[in-house]
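Every read-out reported here was derived from the displayed coordinates using simple, explicitly stated rules and does not represent laboratory data. Given the structure is predicted, the values throughout are model-derived calculations rather than measurements. Here the Cβ positions follow ideal geometry from the backbone for every residue, glycine too, while neighbour counts run over all protein chains shown.
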Amino acid sequence: MDKKNCLQKTDSELVELSLQDERWFYCIILRYEEALLRYIKRISYATREDAEDILQEVFLSVYQNLNDFDNSLKFSSWIYRIAHNKTVSAWRKTNSRPKTVSADEDSDLFAFIPSDEDILKNLEKKCDAKKTREIIGRMDKKYRDVLVLKFLEDKDYREISDILKKPMGTVATLINRAKKKMEAELNKLEIKS
């Protein structure tokens, strides 16, 4: 498959084509590899190598379960859910989470934050990307997950609901609470300044 053919197909078409001819699965990998790797690293703070191992497990699981994909769902939500589960599973296996990330690995952090989000814009003004990652990294996992999905992966509430398997109302509540916790961290930074 060439990249041009891949780009011209929708996710649904790629799923159907992959079920008929496994070579089309390469297009799914091309489409999601970079975004899922970034997502895995953001929610786990794994090293690049560990994140790539998890990503390989993700694509293996996607391929093995492609027949079970429900076309009434968004494919991107489904594949992100698998990535989420594999990342959580890997974290549980090691029972420890690496706490450092190279500043170079996520230098584009703020490029994914929508401009209408005041809290994160204020955070960007008050501290650098490294400090922002540290603040997000210290938050409870439930808040970190929704922040990463909403503001860094640019997912809407329905997609976050599908990925995390939580009702949309719960997602909205978690996002609001996470924003309040971010606001509290900002206030602490202001006091220290």
Task: Centre separation in Å (Cα based) which lies between segment 142-181 and segment 1-40 - done: 26
Task: Two-site label geometry, Gln8 and Thr47: point separation in nm, points 7 Å out along Cα→Cβ - done: 4.3
Task: J(HN,Hα) series, segment 80-85, from Karplus relation 6.51 cos²θ - 1.76 cosθ + 1.60, nearest Hz, glycine and proline x - done: 5, 4, 5, 4, 4, 4
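Over the Cα atoms of segment 1-101, compute the convex hull volume and normalise it per residue, giving Å³. Present the calculation step by step, with values, prior to reporting the outcome.
Details: hull volume 9.5 nm³, N = 101.
Hull volume over Cα atoms, normalised by residue count, gives 94 Å³.
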- [ ] Figure the gain on full extension for Tyr157 and Gln56 (residue separation times 0.36 nm, minus the Cα-Cα span) and round it to one decimal in nm.
- [x] 33.7 nm
Open item on the list: Once R0 is set to 30 Å, what does the formula 1/(1 + (r/R0)^6) return for the Cβ-Cβ distance between Gln64 and Ala184, expressed as a FRET efficiency to the nearest 0.05?
Closed with: 0.10
TODO: Read phi for every residue in segment 40-49 and hand back ³J(HN,Hα) as whole Hz from Karplus 6.51 cos²θ - 1.76 cosθ + 1.60, θ = phi - 60°, with x for Gly and Pro.
DONE: 4, 5, 6, 8, 10, 6, 6, 5, 4, 4
